[in-house]
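The values are calculated or read from the model by the stated rules, or taken from the named source; none is laboratory data. For clarity, every value in this text was computed on a predicted model and none was experimentally measured. Positions of Cβ are generated from backbone atoms using ideal geometry, with glycine treated the same way; all protein chains shown enter the neighbour counts.
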Amino acid sequence: MTTNAADQALRARALKVVPGGMYGHEATTLLPASYPQFFERGEGAYIWDVDGNRYLDFMCAYGPNLLGYNDRRVNDIAVAQLAKGDTLTGPSAHFVDLAEALVGMVSHADWAMFCKNGTDATTMAMTTARAQTGKRRILVADGAYHGAAPWCTPMPAGIVPEERAFISKYQYNDVASLETAVAEAGDDLAAIFASPFKHDAFIDQALPDPAYARRARELCDETGAMLIVDDVRAGFRLIRDCSWELVGVRPDMSCWGKSFANGHPISALLGNDRCREGASHIYVTGSFWFAAVPMAAGVETLRILRESDYLENSIRLGTMWREGLDALAAKHGFALRQTGPVQMPQILFDNDPDYRVGFAWGEAMLKRGVYVHPWHNMFFCAAMTEADIQFALIAADDAFAAVKSQLASIEPHPVVLMFLTALAGAH
């Protein structure tokens, strides 16, 4: 590994002109000190930071790169469209092409609307539900992440209670809790939000209980509320359809982003005819929402998803990674909690309440050229190979040994402790 001088210099400059020097889920504040904040390029399954260090990347830019960085098939299409025009006075024909492609792939969808970020899509879903039903109350699972708007951000700074006055919580996978929340909403229930699986940060992941998913659908049918699956993070990583097809439940709307244009900036709200009228009457817009380049990239990405074995390959490699890590951890006397789908792994350590061991292991992996995350779920991309997984397992073996040798001297991360305390207070 080389030095991190360039990264540190950029951080110092950023502190002068950007509040805190960084913000959002990609901030390095809650990561070990050696984690880079600034990157120069990506290729396939690898990224290079501004100091020239190369990493096998298990984050995929927090999800957007499903096929791998700089996929030539997608980027050639995007560059060709860029030569013609990107943000124009109206959308290109790719606007219709992409809507047709998504509606053709997602079983519950009859229509599509486009925006830029996951928060745009979830907020548009909430607004559509209220417009369709004429009701106000929105149910969300406690701890679930649906974006960074005032109604759903996990942190309270700058938020007034009125902005969350009609947001109520239930416990994910808990039918009784959901039923109670619906009953308390009375005749004012507009929507139930659900994540495709419980992928909250800092905790074990959990797949949806089919009984919970079915009951959510039944309750929406009984009350006239809209069922919304927030597939921004997991869309097309679990199935070539809405993720809740895996439990046999179809929502009224689903929110998409991150991966369906392989890193090009676009997100979408998909819905069925039950809420078409509401969607057609809301006012939503953005200066860059109709840009042609990401839509062209999305059309090509979806073609590749339909025609390739990207999903099956990610499941195969994810299983290899999970099983290999379990064996190596046991070899060195550690017990891991590996949860969630294998292609979106969450890796935590047993008996590590303040994450000090996980942070130390993540830092040790980084030194060995593998970028893993100590508290957020990770992502596989289609560019990963068996050789990459073997490389990562060799690094893991060495990293487990290094952490074991320094266990007595590992200190907790003070910023993380403050964050966890604030997060617990917010809930």
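Could you look through region 127-184, keep only residues that are among the β-branched types (Val, Ile, Thr) and touching a residue at least 12 places away in the same chain (Cβ under 8 Å), and pick out the one that is surrounded by the most Cβ atoms within 10 Å (Cβ to Cβ)?
Filtering region 127-184 for residues among the β-branched types (Val, Ile, Thr) gives 127-128, 133, 138, 140, 153, 159-160, 167, 175, 180, 182.
Then drop every residue that is not touching a residue at least 12 places away in the same chain (Cβ under 8 Å), which leaves 127-128, 133, 138, 140, 167, 175, 182.
Values: 127: 19, 128: 28, 133: 20, 138: 25, 140: 26, 167: 17, 175: 17, 182: 22.
Checked region 127-184; the qualifying residue surrounded by the most Cβ atoms within 10 Å (Cβ to Cβ) is 128.
Quick one: which residue in 278, 298, 318 is out of contact with any Leu (no Cβ under 9 Å at 6 or more places or on another chain), outside any loop (DSSP other than H, G, I, E, B) and either outside the structural domain of residue 413 (by TED's automatic domain parsing) or among the charged types (D, E, K, R) (or both)? Full working, then the answer.
On the way: 298 fails: out of contact with any Leu (no Cβ under 9 Å at 6 or more places or on another chain); 318 fails: either outside the structural domain of residue 413 (by TED's automatic domain parsing) or among the charged types (D, E, K, R) (or both).
On inspection, the qualifying residue turns out to be 278.
Give, as residue ranges, the helices (runs of 4 or more DSSP H) completely inside region 115-229 that count at least 3 residues that are modelled with pLDDT of 95 or more, β-branched (Val, Ile, Thr) and over 30 Å from residue 260 (Cβ atoms).
On the way: elements: 118-133, 175-185, 210-223.
It comes to 175-185.
Tell me, please, whether a residue that is within 24 Å of residue 69 (Cβ to Cβ), surrounded by fewer than 20 Cβ atoms within 10 Å (Cβ to Cβ) and touching a residue at least 40 places away in the same chain (Cβ under 8 Å) can be found in region 324-332. Quick ask: steps written out before the conclusion?
Looking only at region 324-332, we keep the residues that are within 24 Å of residue 69 (Cβ to Cβ), and these are 324-325.
From what is left, the residues that are surrounded by fewer than 20 Cβ atoms within 10 Å (Cβ to Cβ) are 324.
In the following step, the residues that additionally are touching a residue at least 40 places away in the same chain (Cβ under 8 Å) were identified as 324.
Yes, some residue in region 324-332 is within 24 Å of residue 69 (Cβ to Cβ), surrounded by fewer than 20 Cβ atoms within 10 Å (Cβ to Cβ) and touching a residue at least 40 places away in the same chain (Cβ under 8 Å).
Can you give me the number of residues within region 75-101 that are part of a helix (DSSP H, G or I), touching a helix residue (DSSP H, G or I) at 6+ places or on another chain (Cβ under 7 Å) and among the aliphatic types (A, V, I, L, M)?
We begin by selecting, within region 75-101, every residue part of a helix (DSSP H, G or I); these are 75-84, 94-101.
So of that shortlist, the ones also touching a helix residue (DSSP H, G or I) at 6+ places or on another chain (Cβ under 7 Å) come out as 77-78, 81-82, 94-95, 97-98, 101.
Those left that are additionally among the aliphatic types (A, V, I, L, M): 77-78, 82, 98, 101.
Qualifying residue count, region 75-101: 5.
I need every pair where a residue in region 253-265 that is surrounded by fewer than 24 Cβ atoms within 10 Å (Cβ to Cβ) has its Cβ under 8 Å from the Cβ of a residue that is not in a loop (DSSP other than H, G, I, E, B), sequence separation at least 6 or different chains.
Sorted first by the residue in region 253-265, then by its partner, the pairs are 264/74; 264/78; 264/293; 264/294; 264/297; 264/298; 265/294.
When you go through (1) under 20 Å from residue 296 (Cβ atoms); (2) surrounded by fewer than 19 Cβ atoms within 10 Å (Cβ to Cβ) one by one for residue 115, which number turns out not to apply?
Among (1) under 20 Å from residue 296 (Cβ atoms); (2) surrounded by fewer than 19 Cβ atoms within 10 Å (Cβ to Cβ), residue 115 violates only (2).
Taking only region 48-98 into account, find how many residues are surrounded by 14 or more Cβ atoms within 10 Å (Cβ to Cβ), without any contact (Cβ under 8 Å) to a residue 12 or more places away in the chain and in the same structural domain as residue 259 (by TED's automatic domain parsing).
Selection size over region 48-98: 0.
Checking residue 20 against (1) part of a loop (DSSP other than H, G, I, E, B); (2) more than 22 Å from residue 389 (Cα to Cα), which single condition isn't satisfied?
Going through (1) part of a loop (DSSP other than H, G, I, E, B); (2) more than 22 Å from residue 389 (Cα to Cα) one by one, residue 20 breaks only (1).
Test of understanding: among 354, 326, which residue is touching a His at 6+ places or on another chain (Cβ under 8 Å) and acidic (Asp, Glu)? Before the answer, list the steps.
Numbers: 326 fails: touching a His at 6+ places or on another chain (Cβ under 8 Å).
The unique qualifying residue is 354.
Are any residues in region 248-259 in contact with a strand residue (DSSP E or B) (Cβ under 7 Å, 6 or more places away or on another chain) and in a loop (DSSP other than H, G, I, E, B), and if so, which ones? So that I can check it myself, show each step before the final result.
Step one: filter region 248-259 for residues in contact with a strand residue (DSSP E or B) (Cβ under 7 Å, 6 or more places away or on another chain), giving 251-257.
Matches in region 248-259: 251, 252, 257.
With respect to the numbered conditions (1) closer than 27 Å to residue 116 by Cβ; (2) within 21 Å of the chain's Cα centre (by Cα); (3) not in a loop (DSSP other than H, G, I, E, B), which one is the sole condition not fulfilled by residue 35?
For residue 35, the exception is condition (3).
Which one is nearest to residue 350 (Cα to Cα) among residues in region 193-214 that are surrounded by 19 or more Cβ atoms within 10 Å (Cβ to Cβ) and either more than 15 Å from the chain's Cα centre (by Cα) or assigned by TED's automatic domain parsing to the domain that holds residue 417 (or both)? Don't jump to the end; show me each part of the working.
Within region 193-214, the subset surrounded by 19 or more Cβ atoms within 10 Å (Cβ to Cβ) is 193-200, 205, 208, 212-213.
Subset that is either more than 15 Å from the chain's Cα centre (by Cα) or assigned by TED's automatic domain parsing to the domain that holds residue 417 (or both): 193, 208, 212-213.
On the way: 193: 30, 208: 23, 212: 28, 213: 29 Å.
Step by step, filter region 193-214, then rank; the result is 208.
In region 102-112, which residues are assigned to a loop (DSSP other than H, G, I, E, B) and surrounded by fewer than 19 Cβ atoms within 10 Å (Cβ to Cβ)?
First, pick out the residues of region 102-112 that are assigned to a loop (DSSP other than H, G, I, E, B): 106-110.
Listed by number, the residues that qualify are 107, 110.
Answer yes or no as to whether residue 291 is modelled with pLDDT of 95 or more, over 21 Å from the mean Cα position of the chain (by Cα), of a type outside the set (S, T, N, Q) and crowded, with 24+ Cβ neighbours inside 10 Å.
On the way: modelled with pLDDT of 95 or more: yes; over 21 Å from the mean Cα position of the chain (by Cα): yes; of a type outside the set (S, T, N, Q): yes; crowded, with 24+ Cβ neighbours inside 10 Å: yes.
Judged against the criteria, residue 291 is a match.
So is residue 348 under 29 Å from residue 117 (Cβ atoms) and not assigned by TED's automatic domain parsing to the domain that holds residue 406 or not? Don't jump to the end; show me each part of the working.
Details: under 29 Å from residue 117 (Cβ atoms): yes; not assigned by TED's automatic domain parsing to the domain that holds residue 406: yes.
Yes, satisfied.
I need the full set of residues from region 401-415 which are modelled with pLDDT of 75 or more and closer than 19 Å to residue 354 by Cβ, in order please. Before you say what the answer is, go through the steps one by one.
Restricting attention to region 401-415, the residues satisfying the condition of being modelled with pLDDT of 75 or more are 401-414.
Within region 401-415, 403, 404, 406, 407, 408, 409, 410, 411, 412, 413, 414 meet the criteria.
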